[in-house]
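Notes follow the structure.
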Amino acid sequence: MHESRNAQAFERLNCLIVDGNRHMRTILKGVLRAFGIRHIQETTDGAGAIRELKSLPIDIVITEYALDTLDGIDLSKLIRTASDSSNPLVPIIMLTGHTERHIVAQARDAGVNEFLAKPISAEALYVRIISAVFNPRPFVKAKGFMGPDRRRHQLKHYKGGEQRVAPPELIMPRIWQEGEGAIPGLSKTSDTNSNSEQAR
Amino acid sequence: MSALGKMSSSRDDPVARANDYLALVSATEYAGWVREDLSVLRAAYRAFHHSPDGDNVRALSAAFQALQDLGGTFDYPLISEIGYMAVRFLGQGVPKSPKQLEFVHILQEAMELVIGQRISGDGGEAGAVLMGNIRSAWDKLRSETAAV
């Protein structure tokens with residue numbers, strides 16, 4: 001059931017690869033095609049990614065952190081928060097060999113959905129794509145942050161009060177929404193209430 | 001069309017298909033890619049050796065990074081490990097002292113050795129000695145820097 005659903009969705013996905021390394025882009029394209037993804041765009045830097053996002057209905061972005069002119073963190077921030085961003089909800093997977101803790105934290109705070117270390121394994125990439133596309137976390141809009149809910153787990157021993165003044169807004173990626181670009185049978189009911197996280 | 005372009009797999013499991021693809025790349029393309037990346041690394045190291053400034057450090061770091069990104073995927077984890085250390089070290093700033101410059105040379109030589117000798121996997125005893133020597137050189141460098 002899940003395999004069939006995944007295969008159907010993957011055939012429809014428009015994926016954008018952002019990586020300055022030509023060999024890495026070749027490998028990624030081959031792996032994504034093996035997963036069943038047919039529509040794959042590629043670009044070498046952040047500026048190219050912005051152009052692609054403006055011209056095509058991209059469903060998922062796989063980006064390196066270390067890019068020329070605009071790094072993967074700045075690119076993610078622009079996608080999420082720029083006033084003229086064409087696709088602020090697009091799932092973003094950061095795939096990089098730069099795995100220092102502060103970079104992972106910056107990626108999370110820039111609104112990256114999933115972080116994956118190079119060198120890649122096919123299984124790890126597949127799991128991240130499934131997670132970003134099929135199990136997307138609700139998006140949070142707050143002052144200074146726009147992106148997937150950074151709270152992945154309930155803290156069992158947390159004794160303080162709730163810091164959010166409202167529950168996060170639940171917005172689903174384009175592929176889940178009704179209308180053009182949606183996968184038949186996959187659409188989820190979006191909670192379109194306008195509550196936004198006001199504070200953390 | 002290349003062998004990779006023609007590749008098809010009847011396997012139902014997408015991850016297995018992807019691994020088939022990676023195995024094919026490993027058998028057909030990867031050695032050429034490594035030679036290409038190693039040439040870039042050598043040129044970057046020569047430029048760095050001649051003039052260890054910020055631009056050349058960035059170019060050298062990018063060359064190590066390119067090798068790091070792919071090595072582990074194709075059963076050359078030592079390439080990735082050496083690349084990882086080089087990128088971290090060069091990311092700390094422009095190496096200036098003779099010992100720092102010597103450490104960059106050690107990393108460059110280690111990369112040459114692993115690729116030249118095609119040391120796959122963990123490299124066994126030779127791999128353990130090589131990586132142990134690099135780590136101890138870096139630890140020594142760190143402790144000397146901290147003591148200053």
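Here A:Ile62, A:Ile50, A:Ile58 are screened, and the one residue that is in contact with a Cys (Cβ under 9 Å, 6 or more places away or on another chain) and more than 14 Å from chain B (Cβ to nearest Cβ) is A:Ile58.
On the given criteria, is B:Val40 at negative phi, facing chain A (nearest Cβ under 8 Å) and hydrophobic (A, V, I, L, M, F, W, C)? So B:Val40 does not fit the description; no. Of the candidates A:Val61, A:Val104, the single residue that is touching a Phe, Trp or Tyr at 6+ places or on another chain (Cβ under 6 Å), at pLDDT 90 or above and among the hydrophobic types (A, V, I, L, M, F, W, C) is A:Val104. Residues of the stretch A:90-113 that are buried (at least 20 other Cβ atoms within 10 Å of the Cβ) and of a type in the set (A, V, I, L, M): A:Val90, A:Ile92, A:Ile93, A:Met94, A:Leu95, A:Ala107, A:Ala110, A:Val112. For the stretch B:118-141, a residue qualifies if it is loosely packed, with under 12 Cβ neighbours inside 10 Å and not small (Gly, Ala, Ser), and the qualifying residues are B:Arg118, B:Glu125, B:Val129, B:Asp139. Can A:Asp68 be described as among the acidic types (Asp, Glu) and touching a residue at least 40 places away in the same chain (Cβ under 8 Å)? Against the criterion (among the acidic types (Asp, Glu) and touching a residue at least 40 places away in the same chain (Cβ under 8 Å)), A:Asp68 qualifies.
B:Tyr84 meets the conditions (1) over 21 Å from A:Asp19 (Cα atoms); (2) crowded, with 19+ Cβ neighbours inside 10 Å in every case but one. The failed one is (1).
Test B:Ala27 against the criterion of being more than 12 Å from chain A (Cβ to nearest Cβ), under 24 Å from B:Gly116 (Cα atoms) and surrounded by fewer than 20 Cβ atoms within 10 Å (Cβ to Cβ), and give yes or no.
When the stated conditions are applied, B:Ala27 passes them.
Looking only at the stretch A:79-89, residues that are touching a residue at least 40 places away in the same chain (Cβ under 8 Å) and either of a type outside the set (Val, Ile, Thr) or crowded, with 23+ Cβ neighbours inside 10 Å (or both) come to 4 in all.
Residue count for the stretch A:1-22 satisfying the condition of being under 18 Å from A:Asp68 (Cβ atoms) and surrounded by 20 or more Cβ atoms within 10 Å (Cβ to Cβ): 5. Across the stretch A:115-135, what is the number of residues that are surrounded by 21 or more Cβ atoms within 10 Å (Cβ to Cβ) and more than 14 Å from every other protein chain (Cβ to nearest Cβ)? Qualifying residue count for the region: 1. Of the residues that make up the stretch B:61-84, is at least one more than 11 Å from chain A (Cβ to nearest Cβ), closer than 19 Å to B:Gly116 by Cβ and either of a type in the set (A, V, I, L, M, F, W, C) or free of Cβ contacts under 8 Å to residues at least 24 places away in the same chain (or both)? Scanning the stretch B:61-84 turns up at least one residue that is more than 11 Å from chain A (Cβ to nearest Cβ), closer than 19 Å to B:Gly116 by Cβ and either of a type in the set (A, V, I, L, M, F, W, C) or free of Cβ contacts under 8 Å to residues at least 24 places away in the same chain (or both). Inside the stretch A:1-36, residues that are aliphatic (A, V, I, L, M) and more than 9 Å from chain B (Cβ to nearest Cβ) make up a count of 7.
The values are calculated or read from the model by the stated rules, or taken from the named source; none is laboratory data. Because the structure is predicted, anything quoted here is derived from the model rather than measured. A quick note on method: Cβ atoms are made from the backbone with ideal geometry, for glycine too, and the neighbour counts reach across all protein chains shown.
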